[in-house]
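A short write-up of the structure that comes next.
The values are calculated or read from the model by the stated rules, or taken from the named source; none is laboratory data. Computed from a prediction, not measured in an experiment: that's the story for all the values here. Here Cβ is always computed from backbone atoms with ideal geometry, including for glycine, and neighbour counts include all displayed protein chains.
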Amino acid sequence: MTAIRIFLVDDHQLVRDGIKALLMSSKDVLILGEASTGKECFEKIALEQPDILILDISLPDTTGIEITRKVSELYPAIRILILSMYTNEDFIFNSVKAGARGYLPKNTSREELLDAIHTIYGGDEFFADSISRIMLKSYVRKAKEDDLSSQGGTVPLTTREIEILKLFAEGFINKEISDRLDISIRTVETHKNHIMKKLEMKSTVELIKYAIRNKIVEI
């Protein structure tokens, strides 16, 4: 099995050492390098080209959100996992909008960190349960505040697309949806892409919000 190549960015050496200690026993994960600043990060990943960047929000010379935005533009193949003590909804949503594929609090367990790494590497998004609850509460609040009458109606989706959208909104990943519906993962991804194009959306976050607002999923 090809090892998943990881690059760490955090301004605290103790945190970076702790992450390395958590991951070192995993045979399918390789720590390529580490950085403590945004400048150092870009200098090194230009050479290393990791699969996943594990990134803190707060850094001495920039923010993890800004790094996420620039990395997503310059190196779209690099998937970004935010690992931070900051878990308010502004940080979470801004990170996702910038291109982050996952978000974990710093008190996460080794098992959850590895689960996040494998899930993101496989092409899905991963949010810790505590982060998902914050996101869902925000969606529900904003959905109640929105004037649905100003949306001009909903975009028609097929029965299968609604079924897949509902499962995404309930937190199932591509593999789980594939197993539940007895279709290939590629078919799931194709349906998801069609749904996003129809709704003119760019992220799973927007899809979940749409599903809640249109009562495709119950909260």
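Of all residues in region 16-30, those satisfying the criterion of being of a type in the set (G, A, S) and either touching a Leu at 6+ places or on another chain (Cβ under 9 Å) or not in a helix (DSSP H, G or I) (or both) are S25, S26. Summed over region 54-84, the residues that are surrounded by 21 or more Cβ atoms within 10 Å (Cβ to Cβ) and either outside the structural domain of K39 (by TED's automatic domain parsing) or within 18 Å of Q13 (Cβ to Cβ) (or both) give a count of 7.
Scanning region 87-101 for residues that are surrounded by 17 or more Cβ atoms within 10 Å (Cβ to Cβ) and not hydrophobic (A, V, I, L, M, F, W, C) turns up T87, N94, S95, G99, R101.
Identify all residues within region 73-98 that are among the hydroxyl-bearing types (S, T, Y) and farther than 18 Å from T119 by Cα; write none if there are none. Correct list: Y75, S84, Y86, T87.
Conditions (1) at pLDDT below 85; (2) under 17 Å from K209 (Cβ atoms); (3) among the aromatic types (F, W, Y); (4) under 19 Å from the mean Cα position of the chain (by Cα), marked per residue:
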{"residue": "T119", "(1), (2), (3), (4)": "no, no, no, yes"}
{"residue": "F126", "(1), (2), (3), (4)": "no, no, yes, yes"}
{"residue": "R141", "(1), (2), (3), (4)": "yes, yes, no, no"}
{"residue": "L148", "(1), (2), (3), (4)": "yes, yes, no, no"}
{"residue": "K175", "(1), (2), (3), (4)": "no, no, no, yes"}
{"residue": "I183", "(1), (2), (3), (4)": "no, no, no, no"}
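Under the condition of being charged (D, E, K, R) and surrounded by 16 or more Cβ atoms within 10 Å (Cβ to Cβ), the residues counted in region 24-39 number 1. Within region 197-219, residues that are touching a residue at least 24 places away in the same chain (Cβ under 8 Å) sit with their Cβ atoms under 6 Å from residues that are buried (at least 18 other Cβ atoms within 10 Å of the Cβ) and of a type in the set (D, E, K, R), at 6+ positions apart or across chains, in these pairs: T204/E125. E40 meets the stated requirement of being farther than 30 Å from L207 by Cα, at pLDDT 95 or above and outside any loop (DSSP other than H, G, I, E, B).
Considering region 98-117, and only residues there that are part of a helix (DSSP H, G or I) and among the aliphatic types (A, V, I, L, M), the residue that is modelled with the lowest pLDDT turns out to be A98.
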